[in-house]
Amino acid sequence: MLDASILKAMESVVGGGNILGARDIPARYFHDAAGWKSEPDAVVRPRNAEEAAGIVALAYENSIPVTPRGAGTGLYGGCVAASGGIVLCTERMNARPRFHKEDLYAEVEPGVVNGDFRKMAEAEGLFYPPDPASLGTCTIGGNIAECADGLRSHKYGTTRRYVLGLEVVTPEGRLLRMGARTVKSVAGYDITRLWVGSEGTLGFITSAVLRLLPLPQARTALAASFSDAGTALEAGAALVTDGLIPSMLEVMDAACRRAASAHIGKDIGEGALLFVEFEDMQSVCRESAERASRLLGDEYGAVVRGDISGAERARLLQGRRSVLPALWTLKPVVILEDLTVPRSKLKNMSAEIEKIAARNGIEIALFGHAGGGNIHPAFLGGAGDGDEMIRMRQAVAETAQACAEMDGSVSGMHGIGLDKAPYLKLEIGQSGYEVIKSLKASLDPRAIMNPGKLFYEERE
Ligand SMILES: Cc1cc2nc3c(=O)[nH]c(=O)nc-3n(C[C@H](O)[C@H](O)[C@H](O)COP(=O)(O)OP(=O)(O)OC[C@H]3O[C@@H](n4cnc5c(N)ncnc54)[C@H](O)[C@@H]3O)c2cc1C
């Protein structure tokens, strides 16, 4: 519970109506999309960087935890107030971005929704590649804090590649600008990259300078169906080894495909799907798609539908983006993993996960961004009663171990948050852990920014 005088001081910064005390907080601010839940003492909605800085300064003086929040679509508990205190929302920080077309960048506030930004960029003839499946809701601030990516990550990379500069409120409440407005800059340490993917634990992002590309001239897509997801993953990796550079290389197993068809009420076909798309000059797209079709059909026995466009492409992409909501309606308990391994190990990793699921008696479905070596095994449960949750958690722990043994990462893009904190050391080792802990301590000496996230022992 926050002291009334602190609430009053915060109200004088953001104005009445933009601070919600404990009794007035709508339930949506308590949880994230996966159901991680915790109640804050207050929700604060600043309009601009100066207001956000004023609020964080007050929180610092009074050692009040601050949890930044975008749209709350995160999946690992990052935006929930695990230690109480205030939730600092970006929902009013969504002014129209400023485009600098000649120099291919835009200045963007953190509360702008990814999909809206992409559309505005397109209207300027520009292209912002990171496109999480949640693009209709998630915000640019949340994307930067999680280093999100999406269906196009193989060719274009993740959010990190597009963040040229940032403005953040430091934990003491100072405004700090970092990075540049140029593609090249080596002035000092690259602290911009440190903030990207820092999950709100180092400060509050108030503005970003985002790099843009010219719109692709053409695109060609094909859909390849396989008898199993392992072969689809192996075939996808082979396309890359063959020198092709698809913009999308998305996979879903037969269970996900069925669930997505039912969820969107449109048939997106049977079997494991590899959706492949090329974006380039027309001639390059055509030649690449022909080579890909031959390789997938001749060497991997896929049934290939080439040159799909218009309604069929839209249907398949809608199905792909709907897999997670589809699984949520299919089963009461869904534990979603977000692991990456080097692409050549994807098939082995998926076989290993099947063994883990079978050993623990758990149903499994799998989809993901094969191009980035990033797959989402989803452990599916009934009511989660009896010993089911224990077996599911065991499967998660075994998956993290298997992933580490295959030189992978427990989180390709969903972050560490609360969910993956127990496995962070497994991946970065004791020394790596100590380095990031000391960085956190030096940048956030009172540990007010998103406490409880990333570092597991803080919760013990
Ligand atoms: C159906 C579905 C599909 C998804 N698909 C993808 C996908 O394809 N790729 C992908 O990467 N993710 C995906 N996600 C996960 C999620 O959408 C992303 O992590 C997204 O980047 C979160 O954005 P948000 O605005 O909802 O942030 P939130 O969930 O509100 O917050 C996420 C994290 O960012 C921090 N944060 C938010 N704003 C700021 C700020 N201004 N300053 C500092 N820290 C901040 C929060 O503290 C928290 O730690 C999916 C989620 C759903 C529900």
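Among the residues making up segment 136-155, those that are more than 6 Å from the ligand (Cβ to nearest atom), in contact with a strand residue (DSSP E or B) (Cβ under 8 Å, 6 or more places away or on another chain) and either of a type in the set (Gly, Ala, Ser) or open to solvent by 10 Å² or more (accessible area, probe 1.4 Å) (or both) are Gly136, Thr137, Arg152, Ser153, His154, Lys155.
Against the list (1) assigned to a strand (DSSP E or B); (2) open to solvent by 10 Å² or more (accessible area, probe 1.4 Å), the condition Asn94 fails is (1). Scanning segment 1-14 for residues that are modelled with pLDDT of 95 or more and either part of a loop (DSSP other than H, G, I, E, B) or in contact with a helix residue (DSSP H, G or I) (Cβ under 9 Å, 6 or more places away or on another chain) (or both) yields Ile6, Ala9, Met10, Ser12, Val13, Val14. The set of residues in segment 438-460 being at pLDDT below 95, open to solvent by 80 Å² or more (accessible area, probe 1.4 Å) and assigned to a loop (DSSP other than H, G, I, E, B) consists of Glu460 alone. Return yes when Glu427 is more than 27 Å from Val251 (Cβ to Cβ) and of a type in the set (D, E, K, R) and no when it is not. Judged against the criteria, Glu427 is not a match. Of the residues making up segment 224-257, those that are open to solvent by 10 Å² or more (accessible area, probe 1.4 Å) and either in a strand (DSSP E or B) or among the aromatic types (Phe, Trp, Tyr) (or both) are Ser225, Phe226. The set of residues from segment 258-302 being outside any loop (DSSP other than H, G, I, E, B), under 19 Å from His369 (Cα atoms) and of a type in the set (Val, Ile, Thr) comprises just one member, Val276.
Residues in segment 24-47 that are open to solvent by 50 Å² or more (accessible area, probe 1.4 Å), away from the ligand (no atom under 12 Å from the Cβ) and out of contact with any strand residue (DSSP E or B) (no Cβ under 6 Å at 6 or more places or on another chain): Asp24, Ala27, Glu39, Arg47. Among the residues of segment 100-125, those that are more than 16 Å from the ligand (Cβ to nearest atom) and either over 22 Å from the mean Cα position of the chain (by Cα) or not in a strand (DSSP E or B) (or both) comprise His100, Lys101, Glu102, Asp103, Leu104, Lys119, Met120, Ala121, Glu122, Ala123, Glu124, Gly125. Going through Gly417, Gly382, Gly408 one at a time, which residue ends up being in contact with a Ser or Thr (Cβ under 7 Å, 6 or more places away or on another chain) and small (Gly, Ala, Ser)? Answer to the selection: Gly408. Among the residues of segment 73-91, those that are part of a loop (DSSP other than H, G, I, E, B), out of contact with any helix residue (DSSP H, G or I) (no Cβ under 6 Å at 6 or more places or on another chain) and among the β-branched types (Val, Ile, Thr) comprise Thr73, Val80. Filtering segment 69-88 for residues that are basic (Lys, Arg) and near the ligand (Cβ under 10 Å from one of its atoms) leaves a non-empty set. Cβ-Cβ distances below 8 Å connect the following pairs, each with a first residue in segment 336-351 that is closer than 19 Å to Asp228 by Cβ and open to solvent by less than 60 Å² (accessible area, probe 1.4 Å), a second residue that is part of a helix (DSSP H, G or I) and within 16 Å of the ligand (Cβ to nearest atom), and a separation of six or more residues or different chains: Leu346/Ala370. Per this entry, Val303 is counted among residues that are closer than 24 Å to Phe275 by Cβ and hydrophobic (A, V, I, L, M, F, W, C).
Filtering Gly74, Gly85, Gly78, Gly111 for residues that are modelled with pLDDT of 95 or more, buried (at least 21 other Cβ atoms within 10 Å of the Cβ) and on the phi > 0 side of the Ramachandran plot leaves a single hit, Gly85. Answer yes or no: is there a residue in segment 90-99 that is closer than 23 Å to Phe455 by Cα, under 18 Å from the mean Cα position of the chain (by Cα) and near the ligand (Cβ under 8 Å from one of its atoms). Within segment 90-99 (the criterion being closer than 23 Å to Phe455 by Cα, under 18 Å from the mean Cα position of the chain (by Cα) and near the ligand (Cβ under 8 Å from one of its atoms)), the answer is no, since none of the residues qualifies.
In segment 27-72, the residue that is nearest to Ala133 (Cα to Cα) out of those that are hydroxyl-bearing (Ser, Thr, Tyr) and assigned to a loop (DSSP other than H, G, I, E, B) is Ser38.
The values are calculated or read from the model by the stated rules, or taken from the named source; none is laboratory data. None of the values given here were measured: they were computed from a predicted structure. With ideal geometry, Cβ positions are generated from the backbone for all residues, glycine too; neighbour counts draw on all protein chains shown. Heavy atoms of the whole protein, side chains included, go into the accessibility calculation; ligands, DNA and RNA do not. Shrake-Rupley method; radii C 1.70, N 1.55, O 1.52, S 1.80 Å.
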